[in-house]
Amino acid sequence: MRCYLVGGAVRDRLLDRPVSERDWVVIGECPESMLARGFRPVGKDFPVFLHPATHEEYALARTERKTAPGYRGFSVQFGPEVTLEEDLLRRDLTINAIAMDEDGRLIDPHGGLRDLENKRLRHVSPAFREDPVRILRVARFAARFAGLGFTVAEETYGLMRQMVASGEVDALVPERVWAELNRALAEPLPSAFFTVLRQCGALPKLFPEIDRLFGVPQPPEHHPEIDTGIHTLLVLDQAAGLSPDPMVRFAALTHDLGKALTPRELLPRHRGHERRGLSALRDLCERIKVPNAYRGLAEQVMLFHGLCHRALELRPSTLVDVLQRLDAFHRRNDIDRFLLACEADAKGRPGYEERPYPQADWMRSAREAALAVRPDTLLQQGLRGEDLGKALRQLRILAVRTQRKSLTVERQ
């Protein structure tokens, strides 16, 4: 049995990056011979098997032929007659089309080594344009490798633009769009995902709510970058630097969607954009099937990031009400994700990247002070329902006011 290590495992080894999983392609075999060797089948659309000892994936070499629009419209051929070179030809990018044999010898029929050296993301063949998912994959690889200096080859951009113009990208199903977005959000430089999609014309098709932000002005005294789209990508990358959590990054990405809906006569001010953006967020989340937990955090950040920025100036009563709206008085519901997204927003502006964000510490301190108030005494007094809620709110306000005075004395 001739086996070759392929794909990301070879690419990442050559880049001196950690290899998280290894995939193998098998030449000269059929499903029956794999089963006879003890491999366990797992593939649905084409034969993929798990090794009986290592449980790594071994796929029979295959070729693909386009039969219908979309990423599912393929006829797959596999068998002992398919060569390694034919299997590599169907792959998306040259840097993913390098194989390594058991002796460590590299098989590179499409120039992947050269493109690794030149830091270039380039398609393997014109068959690239047959699968619209590859647009998202190229954008995601850009988010992964842009920090290393990788760029998309212009000829690959050309194919991607053709795919957008022909409507091929319209065949992408929502679940796949969300899956690729979620993976891109976890990459080191997620802004590159959207930059590539915008460059090839796919952004207005896939994420119109994000695309509409570009060209929308903001007050230059608060936003030196002026353009809301640019600000959004800066915030996204700040969130990536603050947290590995894709929920935080999604909330950072969507926090200003309402600015694209500001009436023209109000520009460059955006009074009321927080609530105005809820409809755009709803449309985005429903269209690509965003999980409820992501959506919930994004709504909180959208509605309350402005108040969080002013936390040091808020009256204790307002701060308690904000914390209540954040559902922060349940100990299991910490507000760290919310605060990280707000901090990313504050720092996502040229010249603000290294500024401290004391608002987060004060919000945490105020929450802990309010949480220390227990309703036991109030319950013993016979308070229930609305009366209990009002009395508890007043005690929390008093606790936050006392905490503020205490911190002020400490600073003095």
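The table for this structure:
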| item | result |
| --- | --- |
| Residue in segment 20-36 that is in a loop (DSSP other than H, G, I, E, B) and within 20 Å of residue 108 (Cα to Cα) present | yes |
| Every residue from segment 207-227 that is without any contact (Cβ under 8 Å) to a residue 40 or more places away in the chain and within 18 Å of residue 260 (Cβ to Cβ) | 208, 211, 214, 215, 227 |
| Selection count, segment 78-91, where residues are polar (S, T, N, Q) and touching a Phe, Trp or Tyr at 6+ places or on another chain (Cβ under 9 Å) | 0 |
| Residue check, residue 127 on the phi < 0 side of the Ramachandran plot, at pLDDT 95 or above and among the hydrophobic types (A, V, I, L, M, F, W, C) | no |
| Members of segment 257-285 found to be closer than 17 Å to residue 194 by Cα and out of contact with any helix residue (DSSP H, G or I) (no Cβ under 6 Å at 6 or more places or on another chain), listed by number | 260 |
| Residue in segment 76-91 that is out of contact with any strand residue (DSSP E or B) (no Cβ under 7 Å at 6 or more places or on another chain), part of a helix (DSSP H, G or I) and touching a residue at least 60 places away in the same chain (Cβ under 8 Å) present | no |
| Residue match in segment 324-345 (condition: within 26 Å of residue 227 (Cβ to Cβ) and small (Gly, Ala, Ser)) | yes |
| Selection from segment 370-412 of residues that are farther than 15 Å from residue 318 by Cβ and among the aliphatic types (A, V, I, L, M) | 371, 372, 373, 378, 379, 383, 388, 391, 392, 395, 407, 409 |
| Check on residue 403, within 30 Å of residue 220 (Cβ to Cβ), touching an Asp or Glu at 6+ places or on another chain (Cβ under 9 Å) and polar (S, T, N, Q) | no |
| When residues of segment 259-278 are limited to those that are in a helix (DSSP H, G or I) and among the basic types (Lys, Arg), the one surrounded by the fewest Cβ atoms within 10 Å (Cβ to Cβ) | 264 |
| Any helices (runs of 4 or more DSSP H) falling wholly within segment 302-412 and containing at least 3 residues that are buried (at least 18 other Cβ atoms within 10 Å of the Cβ) | 316-325, 336-347, 358-371, 385-411 |
| Subset tally (residues that are surrounded by fewer than 16 Cβ atoms within 10 Å (Cβ to Cβ) and under 15 Å from residue 146 (Cβ atoms)) for segment 115-129 | 2 |
| Residue that is surrounded by the most Cβ atoms within 10 Å (Cβ to Cβ), among those in segment 31-52 that are small (Gly, Ala, Ser) and more than 13 Å from residue 78 (Cα to Cα) | 33 |
| Qualifying residue in segment 290-299 (condition: touching a residue at least 24 places away in the same chain (Cβ under 8 Å) and outside any helix (DSSP H, G or I)) | yes |
| Residues of segment 98-117 classified as in a loop (DSSP other than H, G, I, E, B) and touching a Ser or Thr at 6+ places or on another chain (Cβ under 9 Å), total | 3 |
| Segment 71-106 - residue that is modelled with pLDDT of 95 or more and in contact with an Asp or Glu (Cβ under 7 Å, 6 or more places away or on another chain) and, of those, nearest to residue 2 (Cα to Cα) | 98 |
| Count - residues of segment 279-289 that are touching a Phe, Trp or Tyr at 6+ places or on another chain (Cβ under 6 Å) and either under 20 Å from residue 345 (Cβ atoms) or not in a loop (DSSP other than H, G, I, E, B) (or both) | 1 |
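This table checks each residue for (1) within 21 Å of residue 389 (Cβ to Cβ); (2) among the acidic types (Asp, Glu).
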{"site": "308", "(1), (2)": "no, no"}
{"site": "314", "(1), (2)": "yes, no"}
{"site": "325", "(1), (2)": "yes, no"}
{"site": "328", "(1), (2)": "yes, no"}
{"site": "334", "(1), (2)": "no, yes"}
{"site": "339", "(1), (2)": "no, no"}
{"site": "345", "(1), (2)": "no, yes"}
{"site": "348", "(1), (2)": "no, no"}
{"site": "351", "(1), (2)": "no, no"}
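The values are calculated or read from the model by the stated rules, or taken from the named source; none is laboratory data. Given the structure is predicted, the values throughout are model-derived calculations rather than measurements. No Cβ is skipped: glycine too gets one built from the backbone with ideal geometry, and neighbour counts run over all protein chains shown.
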